[in-house]
Amino acid sequence: PKNYPAGFYEDYRKDSYKLCFSCHKRIILRFPDTTYATGFRDGNRNLHYVHVNKDHRGRTCKLCHTVHGGENPKLIARTIEFGEWDMPMHYVKTENGGRCAPGCHRPLSYSRTDK
């Protein structure tokens, strides 16, 4: 069976995302710093790694993404069902990165080229 975390948080283990990595490349979670493994980075800092690759309460894909269907760029969800709350993501894609202002943290932006 191919695993996929059911909740929003998952202690990161290599086998946790077998379903996701049957199509997507695992390399997005391997390196804390990269210039090629993912476009979701601030300079060379891999932001997929920052969010997901944690020993305790790593964020799962569905915390930010609408899995396999969404209107926003990069399948970023417009809102996330978070308990009783539909948490808005307020994601905006930019030429070299993006910015978001979800309910889970202060507004942040990232740029692959500006550091």
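The values are calculated or read from the model by the stated rules, or taken from the named source; none is laboratory data. Remember, predicted model here, so these are calculated numbers, not experimental data. Methodologically, a virtual Cβ is constructed for each residue, glycine included, from the backbone with ideal geometry; neighbour enumeration extends over all protein chains shown. Just the protein is used for accessible areas: all its heavy atoms, side chains included, with ligands, DNA and RNA removed. Shrake-Rupley method; radii C 1.70, N 1.55, O 1.52, S 1.80 Å.
Assuming charge only on the beta carbon of Lys and Arg (+1) and of Asp and Glu (-1), the dipole of the stretch 1-41 about its Cα centre is about 180 debye to the nearest 20. Distance between the 7 Å Cα→Cβ label points at Tyr36 and Arg78: 3.8 nm.
Taking a ≥ b ≥ c as the square roots of the eigenvalues of the alpha-carbon gyration tensor, the stretch 30-94 is classed oblate because a/c is 1.5 or more while a/b is no larger than b/c. Pairs of Lys residues in the chain that lie 8 or more places apart, or on two chains, and have C-alpha atoms under 27 angstrom apart add up to 27.
Looking at the stretch 29-115, which chymotrypsin sites (Phe, Trp or Tyr not before Pro) are in a loop (DSSP not H, G, I, E or B) and have at most 16 other Cβ atoms within 10 Å? Here the chymotrypsin sites (Phe, Trp or Tyr not before Pro) that fit, given the DSSP loop and packing criteria, are Tyr36. When the chain is described by a simple charge dipole with +1 on each Lys and Arg Cβ and -1 on each Asp and Glu Cβ, the residue from Gly70, Ser111, Trp85 located farthest towards its positive end is Ser111.
Near the amide H of Arg112, within less than 5 Å, lie the amide hydrogens of Gly43, Gly97, all on another chain or at least 5 residues away, with H placed in the peptide plane. Considering only protein heavy atoms and a 1.4 Å probe, what is the carbon-and-sulfur percentage of the accessible area of the stretch 1-48? Result for the stretch 1-48: 53 percent of the exposed heavy-atom area is carbon or sulfur.
Here the stretch 16-70 is assigned +1 on the Cβ of each Lys and Arg and -1 on the Cβ of each Asp and Glu. Its dipole about the Cα centre then comes out at about 160 debye. Classify the stretch 71-115: rounded, prolate or oblate, from the alpha-carbon gyration tensor (a ≥ b ≥ c, eigenvalue square roots; a/c under 1.5 rounded; otherwise prolate if a/b is larger than b/c)? Oblate, since a/c reaches 1.5 and b/c is not below a/b. Only protein heavy atoms count here; on that basis, with a 1.4 Å probe, Lys74 has an accessible area of about 140 Å². Using 0.36 nm per residue and subtracting the Cα-Cα separation, the extra length available between Val92 and Arg106 on full extension is 3.6 nm. For Gly103, nonlocal amide neighbours, meaning residues 5 or more places apart or on other chains whose placed amide H falls under 5 Å from its own, do not occur. Taking every protein chain into account, the accessible area of the chain amounts to 67 square angstrom per residue (probe 1.4 Å).
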